[in-house]
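> I'd like to ask some things about the structure below.
The numbers here are math on the coordinates, done by the rules we state, and not lab data. Only a predicted model underlies this, so the values are computations on that prediction, with no experimental measurement involved. Neighbour counts are summed over all protein chains in view; Cβ atoms, including those assigned to glycine, are modelled from backbone coordinates with ideal geometry.
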Amino acid sequence: MKMYHWADEAAARVIFEKGEKDLYTCASGITPSGTVHIGNFREIITVELVARALKDMGKNVRFIYSWDDYDVFRKVPENMPRQEELKSFLRLPITMVPDPWERDSSYARHNEIEVENALPKVGVFPEYIYQVDRYRSSMYARGIRRALEKRGELKDILNKFRDEEHKIKGEYWPVSVFCDKCSKDETEIESAEVSSADDTSEDGNWELSYRCKNCGNAEKLNIKTAKSVKLSWRIDWPMRWEYEKVDFEPAGKEHHSSGGSFDTAKHVCREIFNWDAPVTFRYDFIGLKGTPGKMSSSKGQVVDLHQVLNVYTPELTRYLFAGTRPNTEFTISFDLDVIKIYEDYDKTERIAWKMENAKDDTAYQKEKRIYELSQVSEKGKSARLEDLIKQGFSAPYQVPFRHLCNLIQIADGDIEKVLSDLAANDSRLPQGQTQEAKRLSSLKERAQCAKYWIENCAPEDFRFRLLPPGAQSVRTLSDTEKNAVRILRDDVIAKIEEFSDDKSCAAAIYAAAEKAGVDGKVLFAASYQALIGKDQGPRLANFLRSIDKERLLSILKDY
C-alpha cells in the first residue's frame, strides 16, 4: 500500500515493528512547569496525527497524555506573575505550588487546564494521566523497587553513554524523595532494603531511608505505601513505557541526540523493565517569525495554542503541522505570511475536493491526505474525504482570507454584517446550524481570525477605514486629482453593478484615468486618499465592487 503522508508511514511502521495487536498505545507528555507553548503542541499533534492514521487503518488506539506534575519546581518562568512568591516554592513538587492567578488548585493545574481547554478546539482528545496521582497512590511501587534492586545495572547503562568526566561516581540512587516534613526534594538516600522473589511479588523488602538536607528530617519509608518517592527522569520514562505498554512516542531532537535520554531509556526499558521501547522519531523545534531561537517555557518566551487560534482557524492550525514533516523546523508567523498560509490551505482544499487539478495523482493523494488530517474531526469520527462524502458533505464555501480582511474593514469590524452580505449575494453559503454548515463552513471562525489579525498583527499599510461622508482626505488633492476622482465616481462607481467581474471593472478604471488625462497610478492614489485617507489600499476594482454603491457615492459626493 502506497503511503502519501508521514503520519501514515509512521503508523505502518508501528504495526510492522509491534505486530498485530488488539490495542496500540500512543503516548505524549510534558512537565507543566510553565506555559505549554505551541512548540510543545507539536509533540501533541504529532502523536494525534499518527493515532488518527492508525485508526484510519482500522486499528484500536489509546492516545495518552501524561502530565508530569510530580516533577520538582526548579525555576520561575519570567512571564509568570508574583515572581517572589513563586520563588518561595522552589524545590517543591509543581503540584504543591499555588496558582499565582488564584483560579485553580495549583500552579501545575492552571497550566494543565489551559491546554485541556484548547485541545478539543483542534480535535485532539487524549486520555490525560496525572503523574502526581500515580506516584501518590503507589501505582509505580513495583517499578520503583525494581529500579532500586537493579541500581548497579542502571548505573552501568547510564555510564555507557557518558564520557569519563560525566560518569556517575560512587553510589547511585535512581530515585529522589520529597521530604514528608518540608516537601522539598533536597534529600539524600541513606539506604534501601529491597528484594523480591519475582517482578509481581508482594513479598520481600520495600524499605527506603532518607535524610532531608533542608530541614533535617530523617525517615524510613515503605515503598508500597510511600507517597513521596519518585524515579529520576531517565528511569521514570522507560518504566512508564512498560507500565502503559506504549507502542509509539516521538521526542524532540535534544532527547534524540546520540547518547541522549531516548538512547538510555531504550536500554533501561529492555534490560531492566523487560519491554521494548516504543517506535519513535525525532521532531524539530518551532520558532516565532522575527524571534531568534526556540521557544522556552522557563524563559517565558512563548506563544501558546490559544494565541495561535486567535489568528489561525483550528483547521489551519492543524494544517501547519500536518503539512510539515516533524523533523523539519519551521516558524509560526503572524505577519503578512498569514495571508499566504491561508491561500496555501485553500489551494489544498480545492485540490482535495477536485475543484482544482493537481499536477498528477501522487500530488492529488498527498494534498488530499494533508487536508483530511487537517480537519477537526469529532471524537472517534473519521475525517477521510470518502467517508465525509458518504455522509452527505460537500465542498466547502471559500472566501479568501485577504478578501475577508477587506470586507471586515469595509464593514467597520462588523462580522455579522459581512456574513449577512455574503449570504445575500451567494446562495452557495451554507445556512443555519446543519451538520454541513458546522463541519464544512468555518467562515465565521475565519472571519473572527481575520478581524483579530487586522487589529493586532497586520502591518499598518494593510489596515484601513472608510472615511465618513464629507470627510477630507489626509493629503490635500490637487485639482487634477479631484477631477480624476470625480470621473471615477461618475463613470465607474455610478454604474458599478454593470461590471460582472474585477477584470471588466479594472478596465473601466483605467479608462477613467485616461479620460482624466492622468496615469493609472495617480488615479489609484487619489481614489485611496478620497476613500480611506491613504495613498495605497486593496486592489481597487475588487475594493469598489465590495462596497455598497450608495456608500461610495456618499463619500465622494463633494468631489
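> When you count, for each residue, the other Cβ atoms within 10 Å and take the mean per peptide, how do 164-177, 72-85, 39-52, 135-148 rank with the highest first?
My ranking of the peptides, most packed first, is 39-52, 135-148, 72-85, 164-177.
> Okay, moving on. Putting +1 on Lys and Arg Cβ atoms and -1 on Asp and Glu Cβ atoms, find which of S554, A508, P538 reaches farthest to the positive end of the dipole of the range 491-559.
My answer, from the dipole projection, is P538.
> From the phi of every residue in the range 460-473, what ³J(HN,Hα) in whole Hz does the Karplus formula 6.51 cos²θ - 1.76 cosθ + 1.60 yield, where θ is phi - 60° and glycine or proline is x?
4, 4, 7, 8, 7, 8, 5, 6, x, x, x, 6, 8, 5
> Then there is this: Quick one: 3J(HN,Hα) in Hz for the range 69-84, Karplus 6.51/-1.76/1.60 with θ = phi - 60°, rounded, Gly and Pro as x.
8, 9, 6, 7, 7, 9, 8, 8, x, 5, 8, 8, x, 6, 4, 5
> Further, regarding this structure: What are the ³J(HN,Hα) couplings of the range 276-289, residue after residue, when phi is run through the Karplus curve with 6.51, -1.76, 1.60 and θ = phi - 60°? Round to Hz, x for glycine and proline.
6, 4, x, 4, 8, 7, 8, 10, 9, 6, 10, x, 10, 4
> Here's another thing I want to ask about it. Taking the convex hull of the alpha carbon atoms in the range 31-189, what volume per residue do you get, in Å³?
Normalising the Cα hull of the range 31-189 by residue number yields 180 Å³.
> Give me the tail of P(r) for the range 197-285 as a percent: Cα-Cα pairs with distance above 16 Å.
That tail contains 65 percent of the Cα-Cα pairs.
> Given Cβ point charges of +1 (Lys, Arg) and -1 (Asp, Glu) and nothing else, what value in debye, to the nearest 20, does the dipole of the chain about its Cα centre take?
So the dipole magnitude of the chain works out to roughly 260 debye.
> For S473, enumerate residues with amide H under 5 Å from its amide H, sequence gap 5+ or separate chain, H modeled in the peptide plane.
none
> Using Cα positions and a limit of under 27 Å, work out the lysines in reach of K515, with same-chain residues fewer than 8 apart set aside.
In chain and number order, the partners are K482, K495, K503, K534, K549, K557.
> Still on this model: Report the Cα-based extents of the range 479-555 along its three principal axes, largest first, to the nearest Å.
So the three principal-axis extents are 29, 23, 19 Å.
> Another question, if that's okay. Mind listing which GluC sites (Glu not before Pro) in the range 224-289 are in a DSSP loop and have 13 or fewer other Cβ atoms within 10 Å?
Qualifying residues, ordered by number: E254.
> Still on this structure: Can you compute log10 of I(q)/I(0) for the chain with the Debye formula, treating each Cα as one identical point scatterer, at q = 0.12 Å⁻¹?
Listed by q, the Debye log ratios stand at -1.17.
> Whose amide H sits under 5 Å from the amide H of I129, counting only residues 5 or more places off or on another chain, with H placed in the peptide plane?
Y65, S66, W67
> I've got another one for you. Lone cysteines in the chain, going by a 4.7 Å Cβ-Cβ cut-off?
C26, C269, C405, C449, C457, C505
> Give me, ordered by chain and number, the residues 5 or more places off S106 or on other chains with an amide H under 5 Å from its own placed amide H.
Under 5 Å from the amide H of S106 lie the amide H atoms of D99, each far enough along the sequence or on another chain.
> Between D360 and D535, how high is the FRET efficiency from 1/(1 + (r/R0)^6) when r is the Cβ-Cβ distance and R₀ = 51 Å? Nearest 0.05.
With R0 = 51 Å, the Cβ-Cβ based efficiency is 0.70.
> Next question. For the chain, what relative contact order do you get, as a whole percent, if you take Cα pairs closer than 8 Å and at least 6 residues apart?
Once divided by the residue count of the chain, the mean separation gives 12 percent.
> For the ranges 60-69, 491-500, 353-362, what's the packing order if you count other beta-carbon atoms within 10 Å of each residue, average per peptide, and put the highest first?
Descending mean neighbour count gives 60-69, 491-500, 353-362.
> Taking the Cα atoms of the range 227-355 alone, what are Rg (to one decimal) and Dmax (as a whole number) in Å?
Just the Cα atoms of the range 227-355 yield Rg and Dmax of 19.0, 60 Å.
> Now for a separate question. How long are the semi-axes of the equivalent ellipsoid of the range 180-232, taking √(5λ) for every eigenvalue λ of the Cα gyration tensor, in whole Å from largest down?
For the range 180-232, the semi-axes come out at 24, 10, 9 Å.
> Can you check how the C-alpha radius of gyration of the range 9-94 compares to 2.2 N^0.38 Å, as a plain ratio?
1.49
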